[in-house]
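Engineer: The structure's right below; bear with me while I get my questions together.
The values are calculated or read from the model by the stated rules, or taken from the named source; none is laboratory data. Since the structure is predicted, the reported quantities are computational estimates derived from the model, not experimental observations. Heads up, the Cβs are rebuilt from the backbone with ideal geometry, glycines too, and the neighbour counts pull from every protein chain shown. Each accessible area value is taken on the protein alone, full model and side chains, heavy atoms only, with ligands, DNA and RNA left out. Shrake-Rupley method; radii C 1.70, N 1.55, O 1.52, S 1.80 Å.
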Amino acid sequence: MPAGVVDAAAKGVRLERHAAGAAVLLRRASGAKQLASASSHLLFRATVLATLALVVLFAVHYPSLLSRSFSLSAAPSSGSPSAAAARSRPSHRSLLGSGASYGGAAWEREVRRRATPRRDGGLSVLVTSAAGFVGAHCSLALRGRGDGVLGLDNFNSYYDPALKRARQRLLASRGVVVLDADINDAALLERLFAAAPFTHVLHLAAQAGVRYAMQAPQTYVASNVAGLVSLFEVAAKHADPQPAIVWASSSSVYGLNTDAPFSEEHRTDRPASLYAATKKAGEAIAHAYNHIYGLSITGLRFFTVYGPWGRPDMAYFSFARSIVAGEPITLFRTADGADARRDFTYIDDVVKGCLGALDTAGRSTGDKSGKKRGPAPLRVYNLGNTSPVPVTRMVAILEKLLGKKANKRVVTMPSNGDVPFTHANVTHAARDFGYRPATSLEAGLRHFVDWFVQYYKLDIKGSNVLAGKTTKKKSMAMSAAS
């Protein structure tokens, strides 16, 4: 066979082999493409199913977020199914359930209506922690004198939210609405300030408690620092006009100070607890926002506030429950054997101080552009009773009022943030807005015990003691002056 023919045959064989190989590669590529397409379809379907599952879970756990029927109105009656559902909902999400950016025109009109004063020259006040102890009393006092009041509260579980809900229902019966909302929700705050020209903010929302700070330190930073900044930011940059702000600092800022009585001029750079440190940080933050943006800011250093509708974590409240239940109470003494002493301040006196601070706050001098026209008021005041009392004396009064002896356990005060004594000098508050505490510890605790017995439906004279069992109550007025 000629050489040319052999070569041509060999080339033909090679071409057939290449063609066969190419066909195999094409089949493999086609198979891979089909596999990729199938995988893509499967991934898409899985993504859709996962999204649907999340939507279902979202709707089950947060139904209010998908609802468009929210209206700003008084809370439903405590026995209704809607009230029970509302109490089981988390935090402020029911407010966001208005749809269309927090509710639209009707929602904004209702916010303005609630914030509008009913008297000439009245204030329009946004109250944070309005379902809290001091906030509820102040909200009722403001409403009672004809001011416009709108409240916010996130109803957290630091103590039993049922007590906060009971305060909320009481406020609703008096025409004060408390929204489920959080001060760290800046978008919500912006919408509220856009809806109503609040003249004042009474900022009482905070994470309270000295010892709890050792267990949950981040909650103190989130509420007492970040929350304060959130409110100041919106008030400085989004409110028109800027409101005057009165906020709750604490006597805890005096920390390891040993000079007495505690004066606003005394040093506050030695906090004894994280709680105290966050409040001191708040005072420094207030100075910055006043200096930069012209916000009128007044800080109030409360001294051991007590009374009806109080906080269950406070000593007088927890001692009362323990005494009735026959459980031991723990009393602290200093290393040298002295009783711990506190400047117990009755709630009515504190309310008068808060309203006095609001009435004399002075205007902010800034605007939404971030510029200020001049200096704005920056103030801080003690609100105390000026008469420190040994905690053992407080217990003795409770024993007499409850008709039962306490089972006392006395220990040396641990280094967990508590201080041996507090003692307020209120000269500045007396001078600037007539603050004069007038309630003795005996009278104040009598008012507290009257409320305590009625709220918890106790029979302290007989044997049918129901300590620790919270029962629903239809109504229980705040103390007379509130």
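Engineer: Taking Cα pairs under 8 Å and at least six residues apart, what relative contact order does the stretch 211-289 come out at, in percent?
Structural biologist: Reported as a whole number, the value is 36 percent.
Engineer: Right, another one. Expressed as a whole number of Å, what is the distance separating the alpha-carbon centroids of the stretch 348-409 and the stretch 426-449?
Structural biologist: The distance from the Cα centre of the stretch 426-449 to that of the stretch 348-409 comes to 9 Å.
Engineer: Let me make sure I get this right: for the stretch 399-464, a, b and c are the square roots of the gyration tensor eigenvalues over alpha carbons, sorted descending. Under 1.5 in a/c it's rounded, otherwise prolate if a/b > b/c, else oblate. Which is it? Show your work: numbers first, answer last.
Structural biologist: Values: a/c = 3.23, a/b = 1.38, b/c = 2.34.
The shape class here is oblate.
Engineer: Follow-up. At 7 Å along Cα-to-Cβ for each site, give me the label-to-label distance between S173 and A226 in nm.
Structural biologist: That separation, rounded to one decimal, is 3.7 nm.
Engineer: Okay, next question. At a 10 angstrom cut-off on C-beta neighbours, averaged per residue, how do the peptides 440-452, 145-157 rank from highest to lowest? Write down the numbers at each step before the final one.
Structural biologist: Details: 440-452: 18.6, 145-157: 21.9.
The peptides rank, most packed first, as 145-157, 440-452.
Engineer: Could you order the peptides 326-336, 311-321 from most to least packed, using the average number of other C-beta atoms within 10 Å per residue?
Structural biologist: By packing density, highest mean first, the sequence is 311-321, 326-336.
Engineer: First check a/c for the stretch 96-194, with a ≥ b ≥ c the square roots of the eigenvalues of its C-alpha gyration tensor; if it is under 1.5, answer rounded, and if not, answer prolate when a/b is larger than b/c or oblate otherwise.
Structural biologist: Oblate shape, in that a/c is at least 1.5 and b/c is the bigger or equal ratio.
Engineer: Return the ratio Rg/(2.2 N^0.38 Å) for the stretch 305-351, where Rg is computed over Cα atoms only. Don't skip to the end; give the middle numbers.
Structural biologist: Numbers: Rg = 12.8 Å, N = 47, 2.2 N^0.38 = 9.5 Å.
So the stretch 305-351 has a normalised radius of gyration of 1.34.
Engineer: Could you tell me which of rounded, prolate or oblate describes the stretch 256-312, using a ≥ b ≥ c as the square roots of the eigenvalues of the alpha-carbon gyration tensor, with rounded for a/c under 1.5 and, failing that, prolate when a/b is larger than b/c and oblate otherwise?
Structural biologist: Oblate shape, in that a/c is at least 1.5 and b/c is the bigger or equal ratio.
Engineer: When all C-alpha to C-alpha distances in the stretch 213-274 are sorted into bins of 5 Å, what percent of pairs does each bin hold, rounded to whole numbers?
Structural biologist: Pair shares across the bins are 4, 14, 18, 17, 16, 16, 10, 4, 1.
Engineer: Please arrange D259, D418, D432 by accessible surface area, largest first, computed with a 1.4 Å probe and ligands excluded.
Structural biologist: Descending order: D259, D432, D418.
Engineer: In addition: How high is the relative contact order of the stretch 334-464, in percent, with contacts defined as C-alpha pairs under 8 Å that are six or more residues apart?
Structural biologist: Relative CO of the stretch 334-464 lands at 38 percent.
Engineer: A further question on this structure: Over the alpha carbons of the stretch 309-409, what is the largest minus smallest coordinate on each principal axis, giving the biggest first in Å?
Structural biologist: Result, largest extent first: 61, 33, 23 Å.
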